[in-house]
1. Go through region 33-59 and report how many residues are closer than 16 Å to ILE78 by Cβ, open to solvent by 100 Å² or more (accessible area, probe 1.4 Å) and not acidic (Asp, Glu).
2. Identify all residues within region 16-66 that are part of a helix (DSSP H, G or I), more than 15 Å from SER82 (Cβ to Cβ) and of a type outside the set (D, E, K, R); write none if there are none.
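The values are calculated or read from the model by the stated rules, or taken from the named source; none is laboratory data. The shown structure was predicted, so the numbers you read here are calculated from the model rather than taken from an experiment. Please note: Cβ atoms are built from the backbone with ideal geometry, for glycine as well, and neighbour counts cover all protein chains shown. Please note that ligands, DNA and RNA were not included when accessible areas were found on the heavy atoms of the full protein model with its side chains. Shrake-Rupley method; radii C 1.70, N 1.55, O 1.52, S 1.80 Å.
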Amino acid sequence: MNNKLDNLRKQIDIVDEKLLILLAKRIMFVRKISKFKKSHNIPILDKDRRNEVLNAQLSKGEELGFSKDLIKKLYSLIHKYSIKVQKESV
């Protein structure tokens with residue numbers, strides 16, 4: 001029984017690592033966007049884009065069975081970190 005539990009936990013560890021790798025890729029694009037915005041004199045914060053992303057992810061999250069509260073909290077954290085990265089990149 002512990003073997004099965006260990007195997008399941010290993011699978012979670014693999015998924016967690018993939019999540020972090022994907023988040024790192026996202027931040028790489030955030031840095032590229034920051035450079036573009038800076039060179040074109042575009043403000044860091046784009047509320048329309050933030051709402052567009054959040055609404056799309058709320059819909060996708062709902063399809064996948066996640067609560068709206070979880071998706072809102074998750075994307076709020078991601079957005080705040082993305083803004084921080086953009087401000088530091090400027």
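1. Final tally of qualifying residues: 2.
2. LEU19, LEU20, ILE21, SER39, ASN55, ALA56, LEU58, SER59, GLY61
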